[in-house]
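**Q** Handing you this structure, nothing more for now.
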Amino acid sequence: MNDNLVRFRILAVTLFLTLVSASRAQMPTDGHVEGNSYVNSYFRLSYAWPRMLNPVDNSTLRLPQPSPYANEFLLFVARQGDEPYGVVVLAEKLNVRTPHSNGIRDGSDFLDRLIRGFKPEDQAVILSRKHFTNGDGIPFDEFDYTTRGEYSSGIAAEVGGYLIAFKCNAKSSADLAQMTKSIVAMHVQK
């Protein structure tokens, strides 16, 4: 066979495969575990969870299906063994109107709504609340709290028109500090 014809066929197949792979629209849920990190190609983020946690296959979770909000996406879950402690990561599109809301404006608005959702029986105590930017320039809002003595936090980062929300619960303040440290170290490629 002619070398030019072989090169042409290889080029044609390569071009075809490139077009087919590029034609798939990305989704916010385009993430996977890579080593000890959750990597999401849609948001171009990488989150390395603390060693005390292990990733959970999202498909094994019993969650209401579908989500009542089309603008909310479950990204990642990690737990501490078989205990009810760990981190849940969601993405929510900012400023999307729903029948019950004008949409979340930013991380501070998101945390305000979480706080307003506490019931008296939760015995919620807010330990701290802050707004800051990490070394990668990602704006974060965080509040740490206890409910019935259990340590928890809500942390929200704004990435590409979305809020990446982390819900953590831990059996100790030291464990919660490890979870928070790992979240704040999250990287986003520009």
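**Q** Multiply the residue separation of Lys119 and Asn102 by 0.36 nm, subtract the distance between their alpha-carbon atoms, and state the gained length in nm to one decimal.
**A** Length gained between Lys119 and Asn102: 3.9 nm.
**Q** Follow-up. Subtract the Cα-Cα distance of Glu158 and Ser128 from 0.36 nm times their separation in residues, and report this length gain in nm to one decimal.
**A** 8.8 nm
**Q** Could you sort 166-173, 129-136 so that the peptide with the highest average Cβ count within 10 Å comes first and the rest follow in order?
**A** 166-173, 129-136
**Q** With a 10 Å radius around each residue's Cβ, average the other Cβ atoms per peptide and rank 51-59, 149-157, 90-98, 36-44, highest first.
**A** 149-157, 36-44, 90-98, 51-59
**Q** To continue, here is another question. Tally Lys and Arg at +1 and Asp and Glu at -1 over the other residues with C-beta under 12 Å from the C-beta of Ile155: what net charge comes out?
**A** 0
**Q** Take Ser172 and Asp136, extend 7 Å from each Cα along the Cα→Cβ direction, and tell me the distance between the two endpoints in nm.
**A** 2.9 nm
**Q** While we're on this one: Add +1 for every Lys or Arg and -1 for every Asp or Glu among the other residues with Cβ under 12 Å from the Cβ of Asn102, and state the total.
**A** On the way: positive: Arg97, Arg105, Arg113; negative: Asp109.
Neighbourhood net charge equals +2.
**Q** Sticking with this structure for a sec: Tell me, what ³J(HN,Hα) does each residue in segment 177-188 have, in order and in whole Hz, if you take phi through Karplus 6.51 cos²θ - 1.76 cosθ + 1.60 with θ = phi - 60° and put x for Gly and Pro?
**A** For segment 177-188, the Karplus curve yields 4, 5, 4, 4, 4, 5, 5, 5, 7, 3, 10, 10 Hz.
**Q** What list of ³J(HN,Hα) couplings, whole Hz, do you get for segment 82-90 from phi and the Karplus terms 6.51, -1.76, 1.60, once you set θ to phi - 60° and write x for glycine and proline?
**A** With the stated coefficients, segment 82-90 comes to 9, 7, x, 10, x, 9, 10, 10, 10 Hz.
**Q** Points 7 angstrom from Cα along the Cβ direction at Ser41 and Asp82: gap in nanometres?
**A** 3.7 nm
**Q** How high is the relative contact order of segment 26-188? Use alpha-carbon pairs under 8 Å, at least six apart in sequence, and give a whole percent.
**A** Once divided by the residue count of segment 26-188, the mean separation gives 21 percent.
Read-outs: derived from the displayed coordinates by stated rules, not from any lab. Computed from a prediction, not measured in an experiment: that's the story for all the values here. Methodologically, a virtual Cβ is constructed for each residue, glycine included, from the backbone with ideal geometry; neighbour enumeration extends over all protein chains shown.
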